[in-house]
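Here the structure comes first, spelled out in structure tokens, and everything after it is commentary.
The values are calculated or read from the model by the stated rules, or taken from the named source; none is laboratory data. Note that the coordinates shown come from a computational prediction; the quantities given were computed from them, not determined experimentally. Neighbour counts are summed over all protein chains in view; Cβ atoms, including those assigned to glycine, are modelled from backbone coordinates with ideal geometry. Note: accessible area is taken over every heavy atom of the protein model, side chains too, but ligands, DNA and RNA are not part of it. Shrake-Rupley method; radii C 1.70, N 1.55, O 1.52, S 1.80 Å.
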Amino acid sequence: MTIIAPSVLSLDYSRFESQIRDLHISKAQWLHFDVMDGHFVPNLTFGPDILKAFRKASHLFMDVHLMVEDPDFFSDVFIDAGADMITFHSEALDDDFHRIMALIKKIKSRGVKAGLTVKPKTPVETLFPYVSEVDLFLIMSVEPGFGGQSFIHQSIEKISALRQLIDQSQSSALIEVDGGINSHTGSLCRQAGANVLVAGSYVFKDDIVAAVESLCQ
């Protein structure tokens with residue numbers, strides 16, 4: 001079954017209560033929470049207090065994607081705020097195997113799932129050494145930093161390559177895809193082997209329940 005993770009980057013905060021209610025009615029299982037520091041990516045988003053508010057308002061799994069220069073520091077901050085999953089960028093740690101492994105182990109030591117991701121122009125092979133170490137790989141199908149971008153179709157090849165490696169390794173790691181997801185691109189990602197679909201503007205633009213349903217099919 002595909003996990004749908006609506007991105008709260010696109011939630012209409014003037015309608016917070018009604019949209020959270022619709023998410024709970026829908027088949028969404030996760031909430032995707034994008035953290036941007038204005039340095040690693042050219043945008044600034046949510047702090048930990050916003051995550052705490054979502055934690056109080058929703059029972060859904062809190063999926064936190066750190067787009068920050070110091071994921072080691074911010075992982076603790078957002079775990080304390082209620083994250084269930086912390087995904088960070090390999091590039092933020094200079095693709096250094098030992099630093100990445102240390103952060104994965106630290107996140108897991110706090111009882112939280114660990115995910116790893118790379119920007120679209122970074123080779124997917126960068127993720128391969130961690131196939132038995134992480135709970136999730138996030139494929140960015142747009143450039144990280146802003147919502148509403150078009151899907152990068154080369155992402156399908158990355159998903160397929162990861163799916164083959166995960167299956168060969170008998171790893172339990174999930175493949176999540178974020179960026180430009182709608183019913184069409186979501187179907188392509190599922191067929192390539194993705195388990196988790198992140199969608200922002202597509203889910204929140206109109207009928208939340210129907211949009212989530214369309215991504216499950």
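General observations
- Remark: the Cα gyration tensor places the range 155-204 in the prolate category, a/c being 1.5 or greater and a/b exceeding b/c.
- The share of accessible area on the chain that comes from carbon and sulfur is 50 percent, using a 1.4 angstrom probe.
- Extension gain, residue 216 back to residue 143 (0.36 nm per residue minus Cα-Cα distance, nm): 23.9 nm
- For the range 1-119, the relative contact order is 20 percent, taking Cα pairs closer than 8 Å that sit 6 or more residues apart in sequence and dividing their mean separation by the residue count.
- Of all DSSP beta bridges in the range 6-134, antiparallel share, percent nearest 5: 5
- Accessible area per residue for the range 1-136 is 44 Å², calculated with a 1.4 Å probe on protein heavy atoms, without ligands, DNA or RNA.
- For the range 107-217, the C-alpha radius of gyration divided by 2.2 N^0.38 Å, with N the number of residues, is 1.06.
- Summing +1 for each Lys or Arg and -1 for each Asp or Glu among the other residues whose beta-carbon sits under 15 angstrom from that of residue 82 gives 0.
- 3J(HN,Hα) from dihedral phi, the range 185-202, Karplus parametrisation 6.51/-1.76/1.60, rounded to Hz, x for glycine, proline: 5, x, 5, 4, 5, 4, 4, 7, x, 6, 9, 10, 10, 9, 9, x, 4, 5
- Within the chain, percent of DSSP bridges classed antiparallel, to nearest 5: 5
- Structure-based [θ]222 nm, the chain - -39500 (n - 2.57) summed over DSSP H runs of at least 4, per residue, nearest 500: -11000 deg cm²/dmol
- Once the gyration tensor of the Cα atoms in the range 79-167 is diagonalised, the equivalent ellipsoid follows with semi-axes of 22, 16, 12 Å, ordered largest first.
- Answer label for mean projected area of the Cα convex hull in nm² (calculated), chosen among (1) 14.9; (2) 11.3; (3) 10.6: (3)
- Ligands, DNA and RNA aside, residue 134 has an accessible area near 10 Å² when probed at 1.4 Å.
- Accessible surface calculations at 1.4 Å, restricted to protein heavy atoms, place the range 144-217 at 45 Å² per residue.
- When the chain is treated as a Gaussian network with alpha carbon springs shorter than 10 Å, the biggest mean-square fluctuation among 43, 182, 195 belongs to 43.
- The range 79-126: relative contact order as a whole-number percent, Cα under 8 Å and 6+ apart: 47
- Lysine pairs in the range 69-217 with Cα atoms under 29 Å, if 8 or more residues apart or on separate chains: 17
- Of 41, 196, 142, the residue with the greatest mean-square motion in the GNM of the chain, using alpha carbon springs below 10 Å, is 41.
- Within a Gaussian network of the chain (alpha carbon springs, distance under 10 Å), most fluctuating of 62, 140, 101: 101
- Along the range 17-22 the Karplus relation, 6.51 cos²θ - 1.76 cosθ + 1.60 evaluated at θ = phi - 60°, assigns HN-Hα couplings of 4, 5, 6, 4, 4, 5 Hz to successive residues, with x for each Gly and Pro.
- Mean sequence separation of contacting Cα pairs (under 8 Å, at least six apart), scaled by the length of the range 156-217, corresponds to a relative contact order of 35 percent.
- The alpha carbon centroids of the range 1-60 and the range 92-165 are separated by 20 Å.
- Within the straight-line cut-off of under 20 Å between alpha carbons, the aspartates and glutamates reachable from residue 52 are 12, 17, 22, 34, 37, 63, 72, 76, 80, 84, sequence neighbours fewer than 8 places apart in one chain being disregarded.
- Summed residue charge, Cβ within 11 Å of residue 40's Cβ, Lys/Arg positive, Asp/Glu negative: -3
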